[in-house]
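**Q** Dropping the structure in here first, questions after.
The values are calculated or read from the model by the stated rules, or taken from the named source; none is laboratory data. All figures in this text were calculated on a predicted structure; none of them were measured in a lab. For neighbour counting, all protein chains shown are included, and Cβ atoms are generated from backbone atoms with ideal geometry for every residue, glycine included. Accessible surface is based on the protein model in full, side chains and every heavy atom, while ligands, DNA and RNA are left aside. Shrake-Rupley method; radii C 1.70, N 1.55, O 1.52, S 1.80 Å.
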Amino acid sequence: MGGAQRPPQRRLGQWFGVLPFFVFSSLFLIGPTLILAYRSFEAPQGGLTLDNYRQLTSELVLNAYGMSVRISLTTALVGGLFGFLLAWAVSMGGLPRPFRSITTTFSGVASNFAGVPLAAAFIFTLGRIGLVTALFKVFGIDLYETGFSLYSFLGLSLVYLYFQIPLMVLVVLPALDGLKRDWREAAENLGATPGQYWRYVALPVLLPSILGTMILLFGNSFGAHATAYALTGGLFTLGTLLIGQQISGDVLHNPGLGYAVAMGMVMIMALSILIYSLLQRRSERWLG
Amino acid sequence: MSGGFLTLEGVRKEFKGKLAVDRFDLEVAPGEFVSFLGPSGCGKTTTLRMVAGFEHPSAGTVRLAGKDVTFAKPNERNIGMVFQSYALFPNMTVAGNIGFGLRVRKESAAARERRVAELLELIHLPDKGKSYPYELSGGQQQRVALARALAIRPQLLLLDEPLSALDAKIRVELRSEIRRIQRELGITTIYVTHDQEEALSLSDRIVVMSAGQMEQVGTPFEIYNFPKTSFVAAFVGTLNQLHCTVADAGSGAVAFNGQTIRVGSPIQFAKGTRVLMMLRPEELHLGEEGGDNRLSGKVDTVTFLGGVVRVRVGLGDSNLTLDILNERTLRLPTVGEQQTLSFPPHACWVMAEN
Ligand SMILES: Nc1ncnc2c1ncn2[C@@H]1O[C@H](COP(=O)(O)OP(=O)(O)O)[C@@H](O)[C@H]1O
Ligand SMILES: [Mg+2]
């Protein structure tokens, strides 16, 4: 009888352990999302309305979403590809040992480099009077004459790649390490060429991790605000910048619309996190 | 040399100056089941990997079916290999795994399907074709790995400690399963293990290895009963060793603690030489009926193992282990009691003390 009472108590104890996490996430994640959801229905003059959501299909908002999606897709694909190649090179490409630790250390730092410092670093190097721009001039090439601009889609993509590639390296390296030598040898033993091994075994095994990480990269760009703001001064129409303009700007001021745009982005992010975790579960089962 | 279906001649492997395998000479007959037996690190895997083509010998040649394959690529040898870790491809079903070798050989889907079904029957898992490796037990996974290796109709089957990741009971089951399949297909097989019981029960011949060298090659009966080196004698089975002095080389007698022990045959060492007298536990008897040699001592430990009871008897500084067959009327010896041990001269043999 005493035994019948014990399990619930133990369960309570277990719940107690994760309590801080729940408090934290309701304070900083669930709470704000609920407030956001509520305020996205607020009209500028007060009162509740669906108008904000109707305006999500306006050209201004669609453009901003479109630009966010484009830049996120681009940097996720390019960053994913280069990150994967870099991770492959340091893990099994036969590069000397030290390269690996140098790369992972650098990636750990670079993947967290964002916001004003990152923008400043790029302005100092690739800006109109940046160091690299000046160096190119020495060799007779005027970058900005060729159509390049740090404050364009290409420029912003470059800046984002600075943290996208390292992030890809960090997440994909363990997956590459998870490829067992025995798989390669078993494939070879059964008559497969190295190409066939990659096509039929290694890439399919890695695919969930690669796709999952690219989704992570997508979300990473999609939600970035400070870097873009610091670089372009909010003139570039990205989803995150539009939110800022609507909520705190003086020209285009409609907080309700800002919150609705934010809700849309929350949905897209939630979706990508969902897909990511599904893929992650599959690759854990394989690489476990 | 010729004759062998698989021939290794003077094979040697160094890793950055460290010798892993040396002077390896072996001829394996077609259809033969040969085990490499030895402690961890003695070079079994390295030798097997040279046969599979994953390592190149530093010296020597490997010949398979009359062809020199010493430096042939692994994917050109048509050898089936089973790994300790199973090494099943996690992204493929059981059928996909078994059919993989045929797929890369560009065999038709229909032929592949037929062969896969055949092999699923052979390993007694006819319904598991659509399962994924992670849905199978370790024993089932290793059966699938075996089927995958056999699907390509290899000339040679290599198994590297295929059972050591499994539970004892499954291990014994799968062991006889492997032997059955090997006999059914008549496939030449090399089996690597550090488990002497496995090697003894499975093999036509055993290669006992130590520190990169072959210690002895022979049938399980020869290896167990007529070990050529003290390493083989001690590594295979349980062995009693008594430090003795040669008393009469011609008639075969040694002295132990002032008592005389007769060994079955003349001794190759001069009178007075310190030697080791060796004897298996099953040759010793409690009481006087076991043969002409007698020793007496005090029972140290009694271990009930089921089918046999293992008794250790102390003789001063030394001790002897003996096995008694269990029966329901058996009177177990008690610890501390004085006992006479007897054993026949022909059960004993003598080796140099090292
Ligand atoms: N790739 C390698 N590089 C360096 N040393 C190795 C390598 N593979 C095996 N060895 C060494 O060779 C010896 C034999 O190893 P191995 O063949 O794996 O032994 P076993 O399979 O009998 O346990 C060991 O001392 C091991 O450390
Ligand atoms: Mg080994």
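**Q** Could you state the number of Å between the C-alpha centres of segment B:267-324 and segment B:46-92?
**A** 45 Å
**Q** Among A:Ser25, A:Pro166, A:Gly223, flag the residue with its Cα farthest along the positive direction of the charge dipole of chain A, charges on Cβ as +1 for Lys/Arg and -1 for Asp/Glu.
**A** A:Ser25
**Q** Compute the distance in nm between two label points, each set 7 Å from the Cα along the Cα-to-Cβ direction, one at B:Asn354 and one at B:Lys73.
**A** If labels sit at B:Asn354 and B:Lys73, their model points lie 4.3 nm apart.
**Q** Shifting gears a bit: From largest accessible area down, sort A:Arg181, B:Arg183; use a 1.4 Å probe on the protein chains.
**A** B:Arg183, A:Arg181
**Q** What are the residues of segment A:164-199 that lose 30 Å² or more of accessible area, with a 1.4 Å probe, going from their chain alone to all protein chains?
**A** Listed by number, the residues meeting the 30 Å² cut-off are A:Asp182, A:Trp183, A:Glu185, A:Ala186, A:Glu188, A:Asn189, A:Leu190, A:Gly191, A:Gln196.
**Q** What's the total accessible area buried between chains B and A, using a 1.4 Å probe, rounded to the nearest 100 Å²?
**A** 2100 Å²
**Q** Quick one: accessible area per residue over segment B:19-105, 1.4 Å probe, rounded to a whole number of Å²?
**A** 32 Å²
**Q** Follow-up question, since we're still on this one. Give or take rounding to whole Å, what are the principal axis extents of the alpha carbon atoms in segment A:47-287, in descending order?
**A** Taking the Cα atoms of segment A:47-287, the three principal extents are 69, 54, 27 Å.
**Q** Which of the GluC sites (Glu not before Pro) across segment B:254-328 are loop residues per DSSP, with 13 or fewer other Cβ within 10 Å?
**A** B:Glu288, B:Glu289, B:Glu327
**Q** Can I ask one more? Please report the net charge: other residues with Cβ closer than 15 Å to the Cβ of A:Ser40, K and R +1, D and E -1.
**A** 0
**Q** Can you pull the percent of segment B:238-352's accessible area that's carbon plus sulfur, 1.4 Å probe, other chains left in place?
**A** Of the solvent-accessible surface of segment B:238-352, carbon and sulfur hold 48 percent.
**Q** Which entries of A:Lys180/B:Lys128; B:Lys67/B:Lys106; A:Lys180/B:Lys13; B:Lys18/B:Lys44; B:Lys44/B:Lys228 have Cα-Cα distances beyond 21 Å here?
**A** Long pairs (Cα-Cα over 21 Å): A:Lys180/B:Lys128; B:Lys67/B:Lys106; A:Lys180/B:Lys13.
**Q** If one computes the Cα centroid of segment A:107-164 and of segment B:6-44, what distance in Å separates the two points?
**A** 59 Å
**Q** Here's a follow-up. At 7 Å along Cα-to-Cβ for each site, give me the label-to-label distance between A:Val69 and A:Phe148 in nm.
**A** So the two model labels end up 3.0 nm from each other.
**Q** Return the distance in nm (one decimal) between the two label points of a simple spin-label model at B:Arg331 and A:Leu85, each offset 7 Å from Cα along Cα→Cβ.
**A** Rounded to a tenth, the inter-label distance reads 8.6 nm.
**Q** What's the magnitude of the charge dipole for the protein assembly as shown around its Cα centre, counting Lys and Arg as +1 and Asp and Glu as -1 at the beta-carbon? Answer in Debye, nearest 20.
**A** Dipole of the protein assembly as shown, to the nearest 20 debye: 900 debye.
**Q** Would you mind giving the mean number of other chain beta-carbons within 10 Å of the Cβ of each residue in B:101-112, as a whole number?
**A** Rounded to a whole number, the mean comes out at 2.
**Q** Quote the FRET efficiency, to the nearest 0.05, computed for B:Asp292 versus B:Leu185 with a Förster distance R0 of 56 Å and r equal to the Cβ-Cβ distance.
**A** Calculated transfer efficiency: 0.70.
**Q** Put A:Tyr160, A:Tyr144 in order of accessible area, largest first, 1.4 Å probe: what do you get?
**A** Descending accessible area places them as A:Tyr144, A:Tyr160.
**Q** If you wrap segment B:6-234's Cα atoms in a convex hull and average its projection over all directions, what's the area in nm²?
**A** Orientation-averaged projected area of the Cα hull: 12.6 nm².
**Q** Calculate how many DSSP beta bridges within segment B:142-254 are antiparallel, expressed in % of all such bridges and rounded to the nearest 5.
**A** 60 percent
**Q** Using helices alone, I'd like the mean residue ellipticity at 222 nm for chain B: each DSSP H run of four-plus residues gives -39500 (n - 2.57), total over residue count, nearest 500.
**A** It comes out at -7000 deg cm²/dmol, rounded to the nearest 500.
**Q** If the viscosity is 1.567 mPa s and the temperature 4 °C, what translational diffusion coefficient in µm²/s does Stokes-Einstein give for segment A:1-146 when Rh comes from Kirkwood over Cα pairs?
**A** 59 µm²/s
**Q** So what does log10 I(q)/I(0) come out to for the protein assembly as shown at q = 0.12 Å⁻¹, using the Debye formula with one equal point on every Cα and no solvent?
**A** -1.22
**Q** Would you kindly calculate the mean projected area, averaged across all directions, of the convex hull enclosing the Cα atoms of segment B:238-352, in square nanometres?
**A** So the Cα hull casts an average projection of 6.8 nm².
**Q** Next question. Would you check the accessible area of B:Thr340, probe 1.4 Å, heavy atoms only, in square angstrom rounded to 10?
**A** Counting only protein heavy atoms, the figure is 40 Å².
**Q** Per residue, how big is the convex hull around the C-alpha atoms of segment B:66-176? Give it to me in cubic angstrom, could you?
**A** Cα-based convex hull of segment B:66-176, divided per residue, equals 118 Å³.
**Q** Same structure, new question: For chain B, give the magnitude of the charge dipole about the Cα centre (Cβ charges: +1 Lys/Arg, -1 Asp/Glu; no others), in debye to the nearest 20.
**A** 1140 debye
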